[in-house]
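The values are calculated or read from the model by the stated rules, or taken from the named source; none is laboratory data. These figures come from a predicted structure and were not determined experimentally. Glycine gets a Cβ as well: all are built from the backbone with ideal geometry, and neighbour counts include every protein chain shown. With ligands, DNA and RNA removed, areas are computed over all heavy atoms of the protein, side chains included. Shrake-Rupley method; radii C 1.70, N 1.55, O 1.52, S 1.80 Å.
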Amino acid sequence: VTLGSTSSQVNLDELPKVTIDDVKAIMLADIVDTSLVKFPSNYAYRIIGKDGFYAHLKGNPDNTWEELQKGYIIIDDMRACFDPSLGLPGRYNIKDVAEMKILRKIDLVTPEDSTITFLLEDLEAFTVPFEDSLTGIELTQFIPPGIVDNPTAYMYNLIAADEYTQTISYEQLQMGYYIIELDRVLYTDPSISSRLKVKHLNRLLILKPSD
């Protein structure tokens, strides 16, 4: 299991076993050490086979925590499988699972209620202008061009992993950074209220003008 620069070996023999369709299996969620991943819904989970294949290579998103809770590894052949109710394509059923990579993500929920997932490793991080020791990602990177016609006409909910929510304007969003070291949103304007400095950001929700 790999999280950032940290990797650890998981002894599957020590994990609880379940029986699914008459075969012995281990739930994928049980592989994740939740003492290290405090807010598992804030992460994407990339299941990789011995041959290096994973579903994201074919354009599919990495698994969510909700999916991981309904997924399992068959012990006999180390194949990942998922509850059919999820409707996941067959390419998620990775053969000979060798690694799970845990990736910090932040989601964007559009006015049409579609979700776009951003992996932080795919975004450009900067030394923030107000603190040389901190690295941040501009919040505007989570609002790509074309998502809405006029970003200034919308308000934006910042929603934490524990569902704590604050609403900001586009002007405030332009001053905002997600700070990697602190797992918190900070702003270039020091007068902005501390309640808007959301910790453990899970997603941004673009509010319709009538909301």
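Candidates in region 1-39 are the residues that are closer than 28 Å to Leu201 by Cβ and part of a strand (DSSP E or B); of these, the one that is nearest to the chain's Cα centre (by Cα) is Leu3.
Applying the condition of being part of a strand (DSSP E or B) and polar (S, T, N, Q) to region 85-118 and asking which residue is surrounded by the most Cβ atoms within 10 Å (Cβ to Cβ) yields Thr117. Checking each residue in region 119-166 for being of a type in the set (Gly, Ala, Ser), closer than 23 Å to Leu3 by Cα and surrounded by fewer than 15 Cβ atoms within 10 Å (Cβ to Cβ) picks out only Ser133.
Quick check: anything in region 40-51 more than 30 Å from Thr140 (Cβ to Cβ), of a type outside the set (Ser, Thr, Tyr) and in a loop (DSSP other than H, G, I, E, B)? The answer is yes; a qualifying residue exists.
Residues in region 61-72 that are within 26 Å of Ile180 (Cα to Cα) and open to solvent by 60 Å² or more (accessible area, probe 1.4 Å): Pro61, Glu66.
When you scan region 149-211 for strands (runs of 3 or more DSSP E) that lie fully inside it, which ones turn up with 1 or more residues that are more than 19 Å from Leu120 (Cβ to Cβ) and without any contact (Cβ under 8 Å) to a residue 60 or more places away in the chain?
155-160, 165-169
Is it the case that some residue within region 51-58 is open to solvent by less than 20 Å² (accessible area, probe 1.4 Å), over 21 Å from Ile180 (Cβ atoms) and either of a type in the set (A, V, I, L, M) or more than 20 Å from the chain's Cα centre (by Cα) (or both)? Within region 51-58 (the criterion being open to solvent by less than 20 Å² (accessible area, probe 1.4 Å), over 21 Å from Ile180 (Cβ atoms) and either of a type in the set (A, V, I, L, M) or more than 20 Å from the chain's Cα centre (by Cα) (or both)), the answer is yes, since at least one residue qualifies.
Taking the stated definitions as given, is Ile75 under 22 Å from Asp30 (Cα atoms) and open to solvent by less than 40 Å² (accessible area, probe 1.4 Å)?
Answer is no for this residue.
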